[in-house]
Amino acid sequence: MPLLALSSAVLLLGIADAMVNSYIVLFAADVVGLTPFQIGVWASVSAVGGIGISWWLGRLFDRRPARAYAIVVTLLASAGYLLLPRISSFPVLLLMAATVLGAVGAAFPQLFTLARSVLGEGTAGRRSAPLLRSAWSLAWAVGPLLGALVLSRGGYSWLMWTAAGVFLVSALTVLVVPRPGPVEVASASPGRTPVLLTASVTLFFTAMFAGGLALPLFVTRGLHQSAASVGVLFSVCAAVEVVATLGLAVVPATVSQRAVILGGFGSFVCYYTLTVVSSGMAMLVIGQAFRGVGIAIVGAAGIRYFQDLLAPATGRATTLFANASTAGLLVSGVLSGLAVEHFGFRTTLILCGAAAALGGLAFTLGSRPHLTQRGELQTVRPSGPRA
């Protein structure tokens with residue numbers, strides 16, 4: 001019952017998040033009249049707000065575990081999107097991004113932390129993360145399509161209000177989850193930070209988030225497709241991501257995880273290559289399939305790779321990976337806005353593909369065998385995926 005309630009909360013949270021974030025760039029450009037640079041700044045401020053709120057609530061949860069944190073930030077998001085269609089002042093939008101809109105970024109990790117606390121360290125607790133992640137990917141397969149339906153019938157105002165209602169239901173669903181018990185804080189073992197590997201993850205997510213900002217504008221302005229087509233593309237990507245993530249669980253342990261992850265980087269480069277040469281929806285859809293595979297592999301197998309590399313410091317490894325992805329979001333906001341404004345949509349997507357390729361190169365160099373001070377050969381051999 002707790003896992004079902006948590007999965008439902010994550011699913012609803014993801015649907016609401018997907019509904020608004022699939023079209024937030026178009027809303028900001030078409031309704032509010034923001035420039036690409038202002039949209040990038042707005043996205044970066046929201047990311048900073050989410051990081052700050054997440055860090056603060058994470059410390060609170062460790063000292064005093066409670067469901068209230070996840071509930072409150074989700075309710076704040078509901079209130080924020082309820083008000084958003086009535087706001088046109090850029091300073092007010094920035095203030096909202098740093099607070100009520102940024103708060104939704106803390107809801108996701110809070111639900112995962114709540115699951116671990118409620119379900120414990122046994123089999124159920126260990127399985128909670130992939131199950132909740134699958135619910136999130138499923139939400140992103142459904143949310144953009146639902147958003148497209150609402151947008152076509154009621155416009156951007158009803159899109160935001162509908163998402164606010166889904167956020168509200170998600171918050172109420174958390175009330176079904178049992179109250180969490182005390183959290184045992186594990187001490188992380190010392191070790192050197194894998195700088196190149198961390199940089200590779202940052203580059204990958206920079207390319208992902210920057211492309212996510214440029215793609216809707218490229219599709220609607222450059223290729224003259226409808227706004228609803230953006231939701232179709234994001235849904236295709238999410239559906240492929242779900243299948244690819246589940247497929248990772250059945251990959252034999254003998255298969256090199258390094259090779260699998262490099263394949264994920266390569267898949268992302270293929271996505272950008274196909275997108276920039278596209279002239280219609282058919283090739284864009286094929287490109288989204290490659291995008292989904294790349295996100296699934298790097299996002300899921302990448303976490304396991306970091307955990308195996310830094311074992312037994314699982315917490316440190318996961319945090320390092322998550323922080324690297326968030327850093328990509330921060331960097332991408334302003335840079336993608338500037339790139340779109342000065343170089344255009346297609347060139348921005350080319351630059352995103354180059355960033356993904358550089359990330360693959362950094363991962364190649366950072367994961368290669370190296371010599372210890374004694375002259376012994378050390379090879380990082382992360383374990384294969386477990387069913």
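Nothing in this text is a laboratory measurement; each read-out follows from the coordinates by a stated rule. In this text, all values refer to a predicted model and were calculated from it rather than measured experimentally. Here the Cβ positions follow ideal geometry from the backbone for every residue, glycine too, while neighbour counts run over all protein chains shown.
Miscellaneous remarks
- Spin-label model distance (nm) - Ala259 vs Trp55, 7 Å beyond Cα toward Cβ: 4.1 nm
- Calculated FRET efficiency for the pair Arg63/Trp158, C-beta based, R₀ 45 Å, to 0.05: 0.65
- Max mean-square fluctuation residue, GNM over the chain, Cα-Cα springs under 10 Å, options Met19, Met283, Met208: Met283
- Candidates Ala327, Ala199, Ala259, ranked by Gaussian network fluctuation over the chain, Cα under 10 Å, top entry: Ala259
- The packing ranking, built from the mean of other Cβ atoms within 10 Å per residue, places the peptides 214-220, 357-363, 151-157 in the order 214-220, 357-363, 151-157, highest first.
- Nitroxide proxy distance, nm - points 7 Å out along Cα→Cβ at Glu341 and Thr35: 0.4 nm
- Simple spin-label estimate for Ser226 and Ala322 gives 3.9 nm between the two label positions (7 Å along the Cα-to-Cβ direction from each Cα).
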